[in-house]
């Protein structure tokens, strides 16, 4: 699958107009011969299939080439930035899960219509609140409060928390909507009635029985949310100045750095794929019925 | 649904949905009449009003008497450093509806000079009325916002429609053919879906020249949306077709000797249509936000043409952002309103079933 992903991206990047050297070509002080020689140095004059073959074989050895704009190895750059994004993403995930768990448990435990209504409202608003809107307002708020942009760019814990909170908002919609629905449904199942009849306290019923049944669809969502977090990091990191994979993608595109774009695409797809696989394994561990059935992990 | 239940539902959700529908209609009116509603040309600059706050519209004259027609005062720059403006309260300039203004093309065809509202009197000496203030180049922000909304709401539905068309055709053929073609097509669709959508869109954008004139940028955006958006639609269509082709009415159609193509397009497709239309509408906010993201990053629609994204790029000016946050971010508010209205009217089922990636949101 990664091969297919990389082939699509490679084909796209090589298909139409311009590469990292096209800016050089417009510079009147750089002669046509220089550009051609540079193309030979970087191997841009060879046919597409050959270039892709070279790229794949290097990739298999863990070498993703050299970034044209950063002048360092793509692999090192991408992984160090991925680490930053993962830090942010995990924090965002923790926020989203924390909020969702708290609210959905409060909803089934207290069983008040007003809580259900507010959860529906929160899901609607968080689902409709684009990250770019939220990120810009967060920026405006910080600048308004502190009077400078330094408060955001210094990489402090507060800055990280702010970025993670912004990143988490659409994920809250994803988790809260699902968790609330599943938990409500589980509370009406026969096994919950049985657990109550057994004399367990309501807290135990919810924590040990209902939540376990509600967990599996959530693990699917967990897999999905990884893509959302990595993709969403593009805007959040650019606006709030967090040095992660998203910000790297933008600078790679703006500087037409094809090896770097390729590296970002492959690594982010691999990260999403890995996340989905982990989610599937966790599902099997949680639900014994799945162990015997065939799962393509 | 029984009558009572229907009434109950209407009571419960009617008002909100009605409001959402009204918002959508408002956006639709802007799409059709952007230039007419805009008081000024979206490129015309005023050197005397740079980063100006909104004009304050008065009803009470300096002597305390009440004016039936709202008016504004001439303003002058009091402090260039902090960009403070003060009003010169000697002469009033009344506002009027259907005023004579800069000429524009109604429906993009008919040249007219009438605009919805503006300051009456000769355009040369009268001050301009700025509902949302001006940007750093002295252009009326409201006019730019209206034109930007029009651009986004033309490009994104076109992109969504094209993506749906490609996705539906591919999905139908794949689902109906089965076996090897199905495996190849769905493998391709899955690899597309495995990539975070915004990163995929950016990678596709990187393949083309970074700076483009507006019409070509619009075309490119539509093509990129179609190229990157078809996969989810194809997957959905394929699933529907595969379940529908086992139904009795397909067997019946086949038994009376209809061709496969006819069965596919006249019998299977209409039954899949409602789900597909909903999915298509859900795509709309995703594409809108992708367009905003691209333009914000400077690789979508570029200055001087206004788009929701490149207007938001003004927020990169931190001092200005601290001074007028809501004015600078008014495009963001418009985006939020539109997305919210769409979501109220078309509930996103993918939130419950696990659907397409949603990172652009």
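The values are calculated or read from the model by the stated rules, or taken from the named source; none is laboratory data. Everything numeric here is computed off the predicted structure, so don't read it as measured data. Please note: Cβ atoms are built from the backbone with ideal geometry, for glycine as well, and neighbour counts cover all protein chains shown.
Taking residue B:170 as the residue in question, decide whether it is outside any loop (DSSP other than H, G, I, E, B), out of contact with any helix residue (DSSP H, G or I) (no Cβ under 8 Å at 6 or more places or on another chain) and at negative phi. Taking the combined requirement at face value, the residue does not satisfy it. In the set B:209, B:304, only one residue is within 12 Å of chain A (Cβ to nearest Cβ), part of a loop (DSSP other than H, G, I, E, B) and out of contact with any strand residue (DSSP E or B) (no Cβ under 7 Å at 6 or more places or on another chain); that residue is B:209.
Does the stretch A:105-134 hold any residues that are farther than 30 Å from residue B:291 by Cβ and either away from every other protein chain (no Cβ under 14 Å) or at pLDDT 85 or above (or both), and which are they?
A:105, A:106, A:107, A:108, A:109, A:110, A:111, A:112, A:114, A:115, A:118, A:119
Please tell me if residue A:77 is within 14 Å of chain B (Cβ to nearest Cβ) and surrounded by 14 or more Cβ atoms within 10 Å (Cβ to Cβ).
Values: within 14 Å of chain B (Cβ to nearest Cβ): no; surrounded by 14 or more Cβ atoms within 10 Å (Cβ to Cβ): yes.
For residue A:77, the condition - within 14 Å of chain B (Cβ to nearest Cβ) and surrounded by 14 or more Cβ atoms within 10 Å (Cβ to Cβ) - is not met.
Here is a check on your reading of the model: is residue B:131 surrounded by fewer than 24 Cβ atoms within 10 Å (Cβ to Cβ) and in a loop (DSSP other than H, G, I, E, B)? Don't jump to the end; show me each part of the working.
Numbers: surrounded by fewer than 24 Cβ atoms within 10 Å (Cβ to Cβ): yes; in a loop (DSSP other than H, G, I, E, B): yes.
Against the criterion (surrounded by fewer than 24 Cβ atoms within 10 Å (Cβ to Cβ) and in a loop (DSSP other than H, G, I, E, B)), residue B:131 qualifies.
In the stretch B:231-241 there is no residue matching the filter, namely being surrounded by 23 or more Cβ atoms within 10 Å (Cβ to Cβ), in contact with a helix residue (DSSP H, G or I) (Cβ under 9 Å, 6 or more places away or on another chain) and modelled with pLDDT under 80.
Does the stretch B:22-60 hold any residues that are over 25 Å from the mean Cα position of the chain (by Cα), under 17 Å from residue B:118 (Cβ atoms) and assigned to a strand (DSSP E or B), and which are they? Answer for the stretch B:22-60, where residues must be over 25 Å from the mean Cα position of the chain (by Cα), under 17 Å from residue B:118 (Cβ atoms) and assigned to a strand (DSSP E or B): just B:58. Is it fair to say residue B:137 is in contact with a helix residue (DSSP H, G or I) (Cβ under 6 Å, 6 or more places away or on another chain) and surrounded by fewer than 16 Cβ atoms within 10 Å (Cβ to Cβ)? Here the answer is no, as residue B:137 does not meet what is asked.
Taking residue A:96 as the residue in question, decide whether it is part of a helix (DSSP H, G or I) and modelled with pLDDT under 75. Taking the combined requirement at face value, the residue does not satisfy it. Checking each residue in the stretch B:270-296 for being within 10 Å of chain A (Cβ to nearest Cβ) and free of Cβ contacts under 8 Å to residues at least 60 places away in the same chain picks out only B:296.
Can you find a residue in the stretch B:249-257 that is assigned to a helix (DSSP H, G or I) and either within 10 Å of chain A (Cβ to nearest Cβ) or crowded, with 21+ Cβ neighbours inside 10 Å (or both)? Checking the stretch B:249-257: not a single residue is assigned to a helix (DSSP H, G or I) and either within 10 Å of chain A (Cβ to nearest Cβ) or crowded, with 21+ Cβ neighbours inside 10 Å (or both).
Suppose the filter is exposed (fewer than 15 other Cβ atoms within 10 Å of the Cβ) and modelled with pLDDT of 80 or more; does residue B:270 pass it? Judged against the criteria, residue B:270 is a match. Of all residues in the stretch B:177-204, those being more than 9 Å from chain A (Cβ to nearest Cβ) and surrounded by fewer than 21 Cβ atoms within 10 Å (Cβ to Cβ) number 10.
Of B:167, B:101, B:138, all but one fail to be modelled with pLDDT of 80 or more and in contact with a strand residue (DSSP E or B) (Cβ under 6 Å, 6 or more places away or on another chain); the exception is B:138.
Looking for whichever is at the interface with chain B (Cβ under 10 Å from one of its Cβ atoms), closer than 30 Å to residue B:190 by Cβ, within 14 Å of the chain's Cα centre (by Cα) and free of Cβ contacts under 8 Å to residues at least 60 places away in the same chain here; the options are A:173, A:228. Which one fits?
On the way: A:173 fails: within 14 Å of the chain's Cα centre (by Cα).
Just a single option satisfies the conditions, and that option is A:228.
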